[in-house]
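The next block holds one structure in the form of structure tokens; read it before the comments.
The values are calculated or read from the model by the stated rules, or taken from the named source; none is laboratory data. All values derive from a computational prediction rather than experimental measurement. Backbone-built Cβ (ideal geometry, glycine too); neighbour counts: all protein chains shown. Quick note on the areas: whole protein, heavy atoms, side chains included, nothing else; ligands and nucleic acids left out. Shrake-Rupley method; radii C 1.70, N 1.55, O 1.52, S 1.80 Å.
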Amino acid sequence: MATISDIARHARVSKATISRVLNNKPDVAPETVERVRAAIAELGYVPSAQAVSLAKGHASCIGLLVPTLVWPVILDILRGVTEAVVDSGYGLMMYSMTSSEESIRLLMTQAVRAKQIDGLVVLVPPGMLDYVEDLHRQGLPTVLIDDRGYDATFPAVTTDNIGGGYAATRHLLERGYRRIAYINGNQEFGCSQDRFEGYVQALRDAGIEPDDALIYEGNFTEERGEIGMQLLLDRGVALDAVFCANDQMAFGAMKVLRRAGKRIPQDVAVVGYDDIYAAAYTTPSLTTIRQPFYEMGQTAVSLLLEYLGDRLEEPSSVSLPTTLTVRESS
């Protein structure tokens, strides 16, 4: 395969001139351009993506860092990201946290140093936020897709978790439920704190003081939803509804209620959070708060493209609204 040196010798010009022709620089004589292009065609030279990136000073490629691909909402986010990138003129390079954090850090560092990506859209798994913030401080334009409520120092696309928690609880109150239990997620995440705040605020707006006996701290897994629901039943406190901070915990809660002979929603109504694909296919189908994951992916790419398009200032973070999807469980 021909090299740039071969083309330079054949066209009787310097390698620097070859680079200027490849990048359509205006300071090359037309006859020289013609000679170089003829040599490229004759020898069959194809410039490498890395060579073009180095010559241009940018890669025309966006990086996407994601956690494991089995995360329930990842496909919606990926669809939003890829569809937003398609007509942008940029390529997309995805890095998945299927290996160790250290290997991903090394891989990302190498990609940035080699100018393989111009910017980064990231869904940060726990333990990586500090590293991504370092990349951003070093000059890599970065946008976070944040459904966990991180306190990032760079632009992020978030959702209204307080409003979502409020809407879920208010929906149950409007249906006449008054003893509404709550199964929360990990307390280290801002989204858990915000959804709980929305729950408390809705109760107090209805003149109901939250009851600690109706509250359980889970961890966003179906197993903890089961454990939390069983504990609530074992306490023997009166309850007529349960709001879970994500759909997986709601699935676990529904399993326990069915085993206990409770009818959903006649005896105990259930509301989840996220509106993952499976929520529409449970028995009964799950009422839940929809997070706009597809739109989050699209918006993150739009913010990054704004910044890459010679925008003088970083874009501001954006918070997207959540919506209530009412189904049979309530």
Kirkwood hydrodynamic radius over Cα pairs of the chain, then Stokes diffusion coefficient at 20 °C and 1.002 mPa s, in µm²/s: 95 µm²/s
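Sort 205-213, 136-144 by packing, meaning the average of other beta carbons within 10 Å per residue, with the highest value first. Walk me through the numbers on the way to the answer.
Details: 205-213: 12.0, 136-144: 19.0.
In descending order of packing, they fall as 136-144, 205-213.
May I ask you to derive the relative contact order of the chain, considering only C-alpha pairs under 8 Å and at least 6 residues apart, and to give it as an integer percent? Write out the running numbers ahead of the final one.
On the way: 603 pairs, mean separation 56.2, N = 330.
Across the chain, relative contact order equals 17 percent.
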Angle between the chain longest axis and helix 222-235 axis [Cα atoms, degrees, rounded to 10]: 20 degrees
Accessible-area value, Met93, 1.4 Å probe, nucleic acids and ligands omitted, Å²: 60 Å²
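Normalising by the residue count of segment 131-217, find the relative contact order in percent from Cα pairs under 8 Å and 6+ residues apart. Write out the running numbers ahead of the final one.
On the way: 106 pairs, mean separation 25.6, N = 87.
That works out to 29 percent.
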Zone residues, segment 129-160, relative to Glu83, backbone N less than 19 Å from point 7 Å out along Cα-to-Cβ: 145-146, 157-159
P(r) weight above 16 Å for segment 211-330, C-alpha pairs, percent: 63 percent
Between helix 30-43 and the chain: long-axis angle, C-alpha atoms, 0 to 90°, nearest 10: 70 degrees
Residues whose placed amide H lies under 5 Å from that of Leu324, excluding near-sequence neighbours: Arg290
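Within the chain, what is the number of lysine pairs with alpha carbons under 24 Å apart, leaving out pairs fewer than eight places apart on the same chain?
Working: Lys15/Lys25; Lys15/Lys56; Lys15/Lys115; Lys25/Lys56; Lys25/Lys115; Lys56/Lys115.
Qualifying lysine pairs in the chain: 6.
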